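In what follows, a single structure is set out as structure tokens and then discussed.
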Amino acid sequence: MTKIAKATKDKLRKVSTATVATCLFKKGLKNQFIQHVKPLKLGRPTMVGEAYTLRYIPAREDLNPISVFRDPKHLQRVAVEECPEGAVMVIDSRQNARAASAGSILVTRLMVRNAEGIVTDGGLRDSTEIADLDFSSYHNRPTAPTNLTLHQAIAINDPIGCGDVAVFPGDIILGDDDGVMVIPAHLANEVAEECIQMTMYEEFVIEQVQRGRAVIGLYPMVDESIKAEFENWKLERN
């Protein structure tokens, strides 16, 4: 899995999912926001990391007794132990939260191994304990049943679907209080730079609106005189 540069990650940590969504929309990518997924705890730092994926299929009872967890090659456990430092584990749970994608022990292990976060379009068990961890975690809702009830781990680091979004290993996962965006890996540097510039302009716009200025002509910027004001504003800030 190719890692993006730290400088690119640092830029992305300064922008929002909303800004990234608009940036990708301009590039023709309209379906990059993972649906029906929310953070277990609000107010955490922005999550940015490469996608490391785990895919579940529907569990079949004869293949998923509780004893399968004794197998050292069980793919859910293997994924937790192999998820790279700084990566986000993204789990395709088929948008089914009736059984857990993982629980506090596995999420704690990811945290200790310096993963960046976890995202599932299913649910997490032990959700209160996970929310208390210093770790970014996103799911659909809390759920108690073990994953074996409904899910069989079948593949690691393959392309998956998560919340109706295609996620390829190495794509950049960005999460904040609004949810999670998926940035195609080959666009990461370009999106980071554009979003930094967009964020700066949005800060300028907010200041102007708070002072009573109308948004027409200001947002989006269509007036050259406003462009000059913005350039002066940037110089003053620097």
| remark: Residues of segment 91-138 being among the charged types (D, E, K, R) and part of a helix (DSSP H, G or I), in sequence order, are ARG109, GLU129
| Has segment 207-219 got any residue that is modelled with pLDDT of 90 or more, in a helix (DSSP H, G or I) and surrounded by 15 or more Cβ atoms within 10 Å (Cβ to Cβ)? | yes
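Table: residues versus (1) within 30 Å of ALA99 (Cα to Cα); (2) of a type in the set (Phe, Trp, Tyr).
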residue	(1), (2)
TYR138	yes, yes
ALA153	yes, no
ILE156	yes, no
LEU174	yes, no
VAL182	yes, no
ALA214	no, no
GLU236	no, no
| request: Looking for whichever is of a type outside the set (S, T, N, Q), at negative phi and open to solvent by 10 Å² or more (accessible area, probe 1.4 Å) here; the options are VAL119, VAL78, VAL107. Which one fits? | output: VAL78
| Residue count for segment 170-198, restricted to those that are among the acidic types (Asp, Glu) and farther than 15 Å from ALA7 by Cβ | 4
| query | Which members of segment 48-75 meet the condition of being among the hydroxyl-bearing types (Ser, Thr, Tyr) and surrounded by 10 or more Cβ atoms within 10 Å (Cβ to Cβ)? | reply | TYR52, THR53, TYR56
| said: If I filter segment 139-165 down to residues being part of a strand (DSSP E or B), in contact (Cβ under 8 Å) with a residue 40 or more places away in the chain and more than 19 Å from LEU75 (Cα to Cα), which single residue comes out as most open to solvent (accessible area, probe 1.4 Å)? | reply: ARG141
| message | If I go through segment 1-58 residue by residue, how many of them are in a helix (DSSP H, G or I) and among the hydrophobic types (A, V, I, L, M, F, W, C)? | response | 8
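The values are calculated or read from the model by the stated rules, or taken from the named source; none is laboratory data. As the structure is a prediction and not an experimental result, all values here were calculated from the model. A quick note on method: Cβ atoms are made from the backbone with ideal geometry, for glycine too, and the neighbour counts reach across all protein chains shown. These area figures cover heavy atoms from the full protein model, side chains too; ligands, DNA and RNA do not enter into them. Shrake-Rupley method; radii C 1.70, N 1.55, O 1.52, S 1.80 Å.
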